[in-house]
Amino acid sequence: MYDRRLAIESVAHVGPGQFILGFECPEIAAQCRPGHFVMISVAESIDPVLRRPMAIYRVLRDASNTPYGFTLLIEVVGCGTALLEQKSIGDHLEVLGPLGVPFSLPTKDEASGEHLLVMGGVGSAPFPLVAEELLKSGHRVRAFVGARTAEALLCVDDFRELGVPVEVATDDGSEGFHGYVVHPLQGYLESEDPANAVLYACGPTPMMRAVHEIAIIRNLPLQVSFEAPMACGIGVCLSCVVRVDAGDYGDWRYVRCCREGPVFDSRRLVWQ
Amino acid sequence: MSGKRPDLSVRIGDVELSNPVIAASGTFGYGGEFSEIMDLSQLGGVVVKGLSMHVERGNAPPRIVETPGGMLNSIGLQNVGAEGFLEEKLPFLRRFNTAVIANIWGRTFDEYIAVAERLDGAKGLTALELNISCPNIKEGGINFGTDPKQTEQVTRAVRDASSLPLWVKLTPGVTDIGELARAAEAGGADALSVINTLRGMTIDVASRRPTLSTIFGGLSGPAILPIALYMVYETRRATNLPILGIGGIEGLDQALQFFILGANAVQVGTANFYDPMASIRLVDDLRNWCETQGILSINELVGSLESG
Ligand SMILES: Cc1cc2nc3c(=O)[nH]c(=O)nc-3n(C[C@H](O)[C@H](O)[C@H](O)COP(=O)(O)OP(=O)(O)OC[C@H]3O[C@@H](n4cnc5c(N)ncnc54)[C@H](O)[C@@H]3O)c2cc1C
Ligand SMILES: Cc1cc2nc3c(=O)[nH]c(=O)nc-3n(C[C@H](O)[C@H](O)[C@H](O)COP(=O)(O)O)c2cc1C
Ligand code: FES
């Protein structure tokens, strides 16, 4: 974990209110695992005062494959992300990270079935890195990407470049399946019945809950990356708590999404 | 380098701190997380998250909402309990050369006494900080911190239950904080922590509901600085007890204002969230500032307010 003031090295607008910011920082980049996040400042002033959590999107590597930087894929949803959209190359942000528990991915030698990545909206951000890592260790990956509209779809090109098969769903039917992304997932599981499939999900809570239900019915493992409002991102403020199971009697307790998560085994969570 | 490094050490009653910068309760956990990015021994002290006798689960989310220049929280005093603190947290904190202050709270006199007794004599604990901002359930919800009589009684009860130095943390939600300061002093307080958060709320317009699950919460951050400064001013007029100035401190400028008003040390709270190195940097900045000003001891600054 490092706290660094970093200059924005690259800015790319990729969709309506969607953009990618690039940073150089070998220390942070070297520690980034798929599913990690950073806390970034949005204003130089005290309004808004808190930093925002953002998933690591891609890790940048030099010719010798050494990590030297990372990018963030951001969607405007409120005042902080709107301010970030105004930033230009050379502007500085405070960046703390990498933070949180990343996805637990199999190593080269571990046998596994197909890895199915299910994502909605900006919840797609951590998944190209997940796919990259899985492919590197020889595993099979398939992506299910959902968004409101065709324009708002994220990461589809990343997956295609990596050679990952992609199935798309849009709320308005402007591309791919007309409806929620869980339907193509469901359809795929029903038609292919892939043995030992492993599920991953990130996106709106109802979508993750739907994937969780599928995982339970089909007895497949599922890791979700959960979002909660965060003030500190490092585990000291207790603002980001989520409910997890505590024993056999329907008992539960709070854990910190920023520290014990954001990635959880979906069966640990209490889905309200 | 000049031989005369400014002396940043301060005394809070019988407690000697290596410097006057302390991490505020509820904004620093139990120190473990911050130790990953800083040397806790560089801090004057760490006040841990408010401890109760038993483990506390805390309030339902959402527990925070951002406000202009600050934030509201309703964490609900989630904590590991006195036992959990002694077993799992204090041994770690003992490794550092920093004062460890246990912030404590209860819903009844008995709960305050129980947690104070349990922590009494714990190796490595420097002082207790009494959080009296919770309602006294037994007395029908009257705040321990807003009724001078109750403030004095709860302070005395804890004073009698523990041999540790006792800091009483005052709430700003009162008409005359000086009266509460004198009540705490009469009850046997060794120092006063000024201030805790202020009550506030926001509404989610779309749903017309309060944003926080608990309707209202505690306001903190830069937005409360002028209120905190005024409260320290009034407290200093009411008592000669050492004061720990708290509220909206981000760095040197705010800390200096507290010292000039008569605070003997400061606590950094919300800034730890959005600027995790804020407290460590403040120690360095204070030292450098004193050096450039030719100030040999930070105590020269304390209470140096010019009037008229
Ligand atoms: C672990 C994690 C990873 C994330 N990764 C990404 C990412 O890669 N790209 C991206 O665009 N967004 C990501 N988000 C969501 C992003 O943090 C929020 O969209 C952003 O904080 C909203 O800020 P705002 O000021 O624009 O919105 P506002 O609604 O004005 O924000 C006000 C407050 O609410 C909090 N908040 C609001 N919405 C969310 C939310 N959905 N999740 C968490 N906190 C929220 C903010 O932190 C802030 O404190 C992630 C969230 C988490 C928890
Ligand atoms: C999230 C949060 C949790 C807090 N928890 C406690 C607590 O457990 N006990 C306590 O006495 N004060 C608690 N406080 C109050 C702070 O210690 C401090 O008095 C207050 O936030 C004002 O300082 P600041 O503006 O620097 O944050 C908490 C504050 C915040 C923001
Ligand atoms: S965001 Fe502060 S504890 Fe998780």
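A DSSP coil position with no more than 15 other Cβ atoms inside 10 Å describes the following chymotrypsin sites (Phe, Trp or Tyr not before Pro) in the range B:208-249: B:216. Net charge dipole, chain B: roughly 360 debye, given to the nearest 20, about the Cα centre with Cβ charges of +1 for Lys and Arg and -1 for Asp and Glu.
Taking the Cα centre as origin and putting +1 on Lys and Arg beta-carbons and -1 on Asp and Glu beta-carbons, what dipole magnitude results for the range A:2-99, to the nearest 20 debye?
Numbers: 8 positive and 11 negative charges, 56 e Å.
Dipole of the range A:2-99, to the nearest 20 debye: 260 debye.
Shielding value for A:251-260 is 2, the average number of Cβ atoms from other chains within 10 Å of each residue's Cβ. Compute the separation of the alpha-carbon centres of the range A:62-93 and the range B:95-173 and state it in Å as a whole number. Between the Cα centre of the range A:62-93 and that of the range B:95-173, the gap is 45 Å. From the alpha carbon centroid of the range A:209-228 to that of the range B:195-267 is 42 Å. Taking every residue in A:39-51 and counting other chain Cβ atoms within 10 Å of its Cβ, the average works out to 5. Model label points for residue A:137 and residue A:10, set 7 angstrom from Cα along the Cα-to-Cβ axis, are 2.6 nm apart.
Computed per residue of chain A from DSSP H runs no shorter than four, each worth -39500 (n - 2.57), the mean residue ellipticity at 222 nm is -5500 deg cm²/dmol. Helices in chain B, meaning DSSP H runs of at least 4 residues, each add -39500 (n - 2.57). Divided by all residues, the mean residue ellipticity at 222 nm is -8000 deg cm²/dmol. Residues considered: B:41, B:207, B:220. Largest GNM mean-square fluctuation over chain B, using C-alpha springs under 10 Å, is found at B:207.
Between residue B:163 and residue B:55, how high is the FRET efficiency from 1/(1 + (r/R0)^6) when r is the Cβ-Cβ distance and R₀ = 22 Å? Nearest 0.05. With a Förster radius of 22 Å, E is 0.30. Computed over the alpha-carbon pairs of the range A:1-61, the distance histogram in 5 Å steps reads 4, 15, 24, 28, 19, 9, 1 percent, short to long. Label positions at residue A:63 and residue B:92, each projected 7 Å from the Cα along the C-beta direction, are separated by 4.5 nm.
Angle of helix B:148-161 to the longest C-alpha principal axis of chain B, folded into 0 to 90 degrees and rounded to 10: 80°. Rounded to the nearest 10 degrees, the angle from helix B:177-186 to the longest Cα principal axis of chain B is 90 degrees. Between helix B:225-238 and chain B there is an angle of about 80 degrees, using the helix long axis and the longest principal axis of the Cα atoms. Ordering B:22, B:167, B:224 by Cα displacement along the dipole of the protein assembly as shown toward the positive end leaves B:167 in first place; charges were set at the Cβ atoms of Lys, Arg (+1) and Asp, Glu (-1). The alpha carbon centroids of the range A:119-152 and the range A:1-47 are separated by 19 Å. Rounded, prolate or oblate, given the Cα gyration tensor of the range B:10-300, with a/c below 1.5 counting as rounded? Cα axes put the range B:10-300 in the rounded bin. Of the residues B:264, B:251, B:210, the one whose Cα sits farthest toward the positive end of the charge dipole of the range B:156-283, with +1 on the Cβ of Lys and Arg and -1 on the Cβ of Asp and Glu, is B:210.
The distance between label points at residue A:47 and residue B:7 comes to 4.4 nm (points 7 Å beyond Cα on the Cα→Cβ vector). For the range B:10-300, relative contact order (Cα pairs under 8 Å, six or more residues apart, normalised by length) works out to 19 percent. Under a cut-off of 27 Å between alpha-carbon atoms, report the lysines in cross-link reach of residue B:138, not counting same-chain residues fewer than 8 places apart. The reachable lysines, counting only those whose Cα sits under 27 Å from residue B:138, are B:49, B:149, B:169.
Hey, got a sec? Which GluC sites (Glu not before Pro) in the range A:1-99 land in a DSSP loop and have at most 13 other Cβ atoms within 10 Å? Write down the numbers at each step before the final one.
Values: sites: A:9, A:24, A:27, A:44, A:75, A:85, A:94; in loops: A:44.
Counting only loop positions with at most 13 other Cβ atoms within 10 Å, the GluC sites (Glu not before Pro) in the range A:1-99 are A:44.
Taken residue by residue and averaged, Cβ atoms of other chains lying within 10 Å of the Cβ of B:263-273 number 2.
Can you tell which of A:250, A:216, A:188 lies farthest toward the positive end of the dipole of the range A:135-272, using +1 and -1 charges on the Cβ of basic and acidic side chains (Lys, Arg; Asp, Glu)? Positive-most Cα among the choices belongs to A:250. Counting only Cβ charges, +1 for Lys and Arg and -1 for Asp and Glu, the dipole size of chain A around its Cα centre is about 560 debye.
Please work out the FRET efficiency for the pair residue B:149 and residue B:293, using the Cβ-Cβ distance as r and a Förster radius of 51 Å; give the result to the nearest 0.05. Numbers along the way, then the final one.
Details: r = 44 Å, r/R0 = 0.86.
About 0.70, to the nearest 0.05.
Loop-located trypsin sites (Lys or Arg not before Pro) in the range B:86-145 (DSSP state other than H, G, I, E, B) with a sparse environment of at most 14 neighbouring Cβ atoms within 10 Å: B:94, B:95, B:123, B:138.
Any read-out appearing in this document is the output of simple, stated calculations on the displayed coordinates, not a laboratory observation. Because the structure is a prediction, the values reported are computed rather than measured. Neighbour counts run over all protein chains shown; Cβ positions are idealised from the backbone, glycine included.
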